[in-house]
């Protein structure tokens, strides 16, 4: 195989069937953005969509827009569209609240379905809020068992006491991906329920929740989905669980008859009972705009390009700067998400130097430089150029003078 | 006293010291908007502020805006500004999540402070989500005691078993207002904690949380504060409780060191521990824009105009259509919020007829026509014109042909 050149990368961009999507996004001048796994870029038509919601739906429609503009149903209508991206049939996903809060609901609901079991399982490498919520949702009533790459394994901890397992499908640090079908089956075989955190999966890799027989899932829409900073999260509850599961955030938008204003809570049938309060509709407008793009995406083509981009990045890093960094993301396609992480003992400063030079990734303590590859707006020549800057920064030692701003960026 | 005429109302508008604020808002042509207690109108500069956040902070700044645009601190910086409107000193309010979710946190936190008490008290006339959350937050571990105007009274149910009392300060149906200082003192004298729902108070009436020695409060920002549909809510926790109180929505934004990504939850000191997940920043932009107006408002002048508007509305209704409706809102200024509700046995249809004619109020089952008076953008002549339309609708009987749209409007 020939070593890639910038020319060969440009040629790949020319042939790329997804290349046309780049025009659907705003990429700042002089920036190669490899942090879409943290905050996705702005779709080109989002500003006008939001302006419409602000000036027309809110400004002119006012309270009437709850009916006339479909505000009341946005959690469900957008939920079905997000669901289509993760293999969920209609009526199983609502868009609402934050990922953390949705995980709390899923955990609480799962515990109502397994009242006689008193352990919950997570992975030390889950995104931390997932681990924190396990503490918050179970209090002192459940033992929290944590697996990790160094052991114990899932098989080690699964027994008849385990009510629920929570796993972040794609590891936010390393990009390692769980086999959703196999793990779900393993967990369910032990009589437990499975909650998947898809924050680093949705819009990044094909997901088939219904096909895997998943129980619950949660995720965010501000990373690969480009919904905007803090865009609303989502929760999936398999149809078979919806009418038996309850959750304690008993808000009026989850009530069976919210406009009767009764004084006792009665959960709505179906997925609606996982709603709580009034949805932040300006943020929903950002997600709705981005979904107009996602409705047109072929996930198989997206996955093929994602793997090609991450393969290319790994190959270039290993050929250009083999002595400076270690690739910690798996080579095996089957267990790789859409990011590549490089270990560098002083990774914080080199990443600051990259950002100063317009190559935006991020850093995760203690030593990981993280690069996300978003196939809709990142091309092959971008990868070549990014590694070129990386090689310059690492080989020149200029990174020793670089400093991040006052506080780390947000995942 | 002379009966008001349209001319005398116009004269009042000319002399109104708050009249200049009307230009800060967009009022649709042909609309008299008396539903700002449900969804406030659009401030004139909000669209450009949101556009800036979308195209510059998100579009150009991308992940860097978490630091450079102050995104990470928005819940606290906007919290202090909302706090200033309800008599809360700095560091006691954060803007986040929905009112329902914040009430859940406040209830859970209050219960951690009163672990040996096993009853919670609410008012049947609380906004229903407040009652539902009392069920959700306490499960079967606490008795729920409900007071009402028909009894039992607060004094009847307060005893050494009551951990916490939750009251909506201004009744969303009738506009009746609790005396916050007196009730807080009564509750605390019984050893219980007090949670105020200020959704119909903030921006409507003067509130002095610190002066009343309040324990907790929650509220929304999409009604009188004009933050936009579903704008983020707020929670107040008195400084003296912050480090002892915990709440189970243990998200990473409430962690003491969120960027260390540790695997155990450690609540941040102070009010920050009441944050959960990533904030919906586009919705925060709407609130931030509206607060630029609120920072300039004299609350005493606002209250004076609010009472003058509601007095005028009551006087005109009673002189024009005394046989058609009953005023259910208190005449006593001390216990009146900033709305007036009229009882009409078929109130739903007359309200639909009013809305068809551009006078927008709303309806609350079973028989209340509700009119909110927002002194920053409603004038005295508006009140006269609204009653003129109301009189025409009621006296002509045309309302018998009117129908609401498919679903009721949202609170």
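Just so you know, all these numbers are worked out from the coordinates, no wet-lab data involved. Remember, predicted model here, so these are calculated numbers, not experimental data. Backbone-built Cβ (ideal geometry, glycine too); neighbour counts: all protein chains shown.
For this structure, a couple of remarks:
- Average projection area in nm² (convex hull over Cα atoms of the protein assembly as shown, one quarter of hull surface): 34.2
- Segment residue A:6-residue A:301, length gained on full extension (0.36 nm per residue, minus Cα span): 103.9 nm
- For chain A, the longest principal axis of the alpha carbon atoms and the long axis of helix A:6-15 meet at an angle near 40°.
- Taking a ≥ b ≥ c as the square roots of the eigenvalues of the alpha-carbon gyration tensor, chain A is classed oblate because a/c is 1.5 or more while a/b is no larger than b/c.
- Across the copies of the chain, residue B:335 has label points (7 Å from Cα along Cα→Cβ) spaced 6.9 nm apart, shortest distance listed first.
- As a proxy for reagent exposure, ranking A:332, B:130 by other Cβ atoms within 10 Å from fewest up yields A:332, B:130.
- Computed over chain B, the per-residue total of -39500 (n - 2.57) for DSSP H runs of n ≥ 4 gives a 222 nm mean residue ellipticity of -10500 deg cm²/dmol, rounded to 500.
- Computed from label points 7 Å out along Cα-Cβ, the spacing between residue B:391 and residue B:160 is 6.1 nm.
- 0 to 90° range, to nearest 10: angle between helix B:74-85 axis and chain B longest Cα axis: 50
- Ranked for footprinting exposure by Cβ neighbours inside 10 Å, fewest first, A:21, B:363 give A:21, B:363.
- With a Förster radius of 35 Å applied to the C-beta separation of residue B:343 and residue A:56, the computed FRET efficiency comes to 0.50.
- Global form of segment A:215-313, assessed from the alpha-carbon gyration tensor, a/c cut-off 1.5: prolate
- Cα gyration tensor, segment B:16-75 - rounded (a/c under 1.5), prolate or oblate: prolate
- Fewest-first sequence of A:195, B:32 by Cβ atoms within 10 Å of each Cβ: B:32, A:195
- For residue B:2, the label point sits 7 Å beyond Cα toward Cβ; its separations from the matching points on the remaining copies run 9.4 nm, from shortest to longest.
- Compared with the dominant Cα axis of chain A, that is its longest principal axis, helix A:380-396 is turned about 60°.
- Taking chain B as a Gaussian network of alpha-carbon nodes connected by springs under 10 Å, the highest mean-square fluctuation of the residues B:196, B:66, B:384 belongs to B:66.
- Label-zone membership for segment A:110-143, site residue B:112, 7 angstrom Cα→C-beta point, backbone N under 15 Å: A:132-141
- Calculated on C-alpha atoms, the gyration radius of segment A:69-122 divided by its Kirkwood radius gives an Rg/Rh of 1.08.
- With label points set 7 Å from Cα along Cα→Cβ, the inter-copy distances at residue A:401 are 8.1 nm, sorted shortest first.
- GNM top mover of B:173, B:400, B:364 - chain B, alpha-carbon springs below 10 Å: B:400
- Listed residues B:90, B:75, B:17, most fluctuating in chain B (Gaussian network, C-alpha, under 10 Å): B:17
- Bins of 5 Å, starting at 0 and running to the largest distance - Cα pair percent for segment B:96-159: 4, 18, 26, 25, 19, 7, 1, 0
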